[in-house]
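Scroll down for the structure; my scribbles are underneath it.
Bear in mind these aren't lab numbers, they're just calculated from the coordinates by the rules spelled out. Just so it is clear, the model here is predicted, and its values are computed rather than measured. Cβ placement follows ideal geometry from the backbone for every residue including glycine, while neighbour counts extend to all protein chains displayed.
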């Protein structure tokens with residue numbers, strides 16, 4: 001049995017540096033310069049990190065700080081040989097976005113499993129700014145499940161944080177991996193009942209299917225998160241097919257496409273005369289999905305009034321069955337009761353929407369009993385050849401039915417390589433559209449690399465994500481997402497112009513260290529295959 005390594009991660013705070021200065025007075029000047037403070041009198045050679053290491057045994061300790069490299073190295077030497085320093089560039093230690101990017105990149109690096117064994121991750125919360133501690137709590141309660149340490153007056157103890165968070169991330173550490181989930185992750189989607197329509201064999205897809213199948217067999221609400229075009233409705237339909245509700249209706253609703261004044265009517269129905277144009281009684285989506293599954297795509301686009309009505313429908317009584325929904329048609333005095341399992345989806349960050357008041361926090365938690373993140377195509381490149389084959393079969397079948405003498409199309413070797421290396425910001429939807437256009441415009445049965453390139457140029461990146469500079473400031477605009485898109489483009493350019501040499505790319509981008517580059521690549525999901 002492999003040893004499960006115990007790892008400690010911590011920012012470096014002033015108290016840690018003061019402990020170093022007490023232990024090694026020759027560092028006092030450098031410490032006072034770094035902290036902007038005079039060394040306290042009667043100080044003790046401790047600090048939160050030293051206290052944590054004295055209280056618990058760790059196989060490795062990772063310290064992150066924006067410090068002079070010599071001072072950081074001296075701190076690491078004092079703390080012991082198991083300590084690894086990580087020097088970063090951080091202009092403002094209270095800026096959450098920058099702190100998050102650094103912490104996420106570091107945890108992604110140190111928390112990887114080895115030989116299938118995930119490490120026992122611990123996080124110290126007593127060093128650094130409040131923004132740093134808050135960010136580590138969020139990450140340690142979601143993507144990187146961890147245990148926490150707090151220190152006071154030279155003594156460290158494990159901190160009990162008595163709540164769990166359901167965020168948009170799939171946990172990357174599972175303290176005790178579920179055996180059933182591991183078995184499912186080893187299966188191709190085609191071998192899992194209900195999921196035969198999911199194409200791909202990558203680990204990311206297998207794990208997503210495994211989680212989806214486990215959620216499917218239970219009558220709980222599910223929130224599917226993922227970029228546009230990743231197949232959220234396809235997964236929702238597969239979950240319905242894998243559930244005991246498979247023979248009942250599956251009703252998909254695109255909430256973003258419903259006019260605001262009709263949202264409650266579309267969801268819950270209305271009575272004749274309830275409003276202008278209501279010429280007869282009408283069932284809403286909940287009534288139509290009775291006994292089955294209701295898929296609410298882009299549920300966060302509902303206005304706040306409709307969100308409140310949806311929340312009331314999802315709030316059952318303490319003794320009600322899990323999918324017991326009490327709804328009220330527009331214009332009705334008495335409620336109706338239906339049995340509906342709800343699967344919601346969004347391509348936005350629920351936390352960002354909650355922060356700007358566009359999404360009710362209580363509704364978010366109500367629909368996300370289980371959250372499922374679907375990977376973008378760039379995170380499952382090994383699936384692209386199989387996706388291309390599947391999409392071409394469908395395209396050839398559709399064209400063949402309506403066009404006598406149609407020659408089925410296939411991709412040349414060069415075209416397959418080109419397709420596999422493309423970033424595909426529009427995911428599977430964009431891939432399908434490009435293949436359709438290439439099939440229409442290509443001459444002969446073989447689609448070449450030039451045909452794919454031409455199809456891509458006809459549907460420029462700006463039409464998929466919007467012009468990154470001239471995007472209109474209107475409803476739905478997300479500044480953080482667009483800034484990430486701009487940064488992603490420059491990272492891709494640096495990769496190409498440096499021919500995959502990270503040191504050169506770091507210089508081209510004006511970054512201080514290649515670790516900063518690595519952090520950005522991981523956060524933004526930019527692959528680094530040499531051209």
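Points to keep in mind about this one:
- Helix 69-79 and the longest principal axis of the C-alpha atoms of the chain enclose an angle of approximately 80°.
- For residue 153 and residue 486, the difference between the fully extended length at 0.36 nm per residue and the C-alpha to C-alpha distance is 115.3 nm.
- In the chain, the DSSP-assigned H stretches of four residues or longer account for a calculated mean residue ellipticity at 222 nm of -12500 deg cm²/dmol, using -39500 (n - 2.57) per stretch and the full residue count as denominator.
- Mean separation of Cα contacts under 8 Å (6+ apart) over length of segment 6-159, as relative contact order %: 30
- Both radii were evaluated on the Cα set of segment 283-370; the Rg over Rh quotient, with Rh as the Kirkwood radius, amounts to 0.96.
- Rg of the Cα atoms in segment 24-113, relative to 2.2 N^0.38 Å, amounts to 1.18.
- Calculated Rg and Dmax of the chain using C-alpha coordinates, Å: 26.7, 92
- Rg ratio (alpha-carbon, reference 2.2 N^0.38 Å) - segment 191-305: 1.22
- Looking at the chain alone, DSSP beta bridges between its own residues are antiparallel in about 20 percent of cases.
- Each 5 Å bin from zero holds the following percent of Cα-Cα pairs in segment 378-465: 3, 15, 28, 26, 18, 8, 3, 0.
- Angle between the chain longest axis and helix 449-458 axis [Cα atoms, degrees, rounded to 10]: 90
- Each peptide in 21-28, 194-201 gets a packing score, the mean of other Cβ atoms within 10 Å over its residues, and the list from highest to lowest is 194-201, 21-28.
- Kirkwood Rh, angstrom, segment 6-159 [1 / mean 1/r, Cα pairs]: 15.6
- Beyond 17 Å, the tail of the calculated P(r) for segment 27-67 holds 48 percent of the Cα pairs.
- Dimensionless Rg over Rh [segment 179-375; C-alpha; Kirkwood]: 0.99
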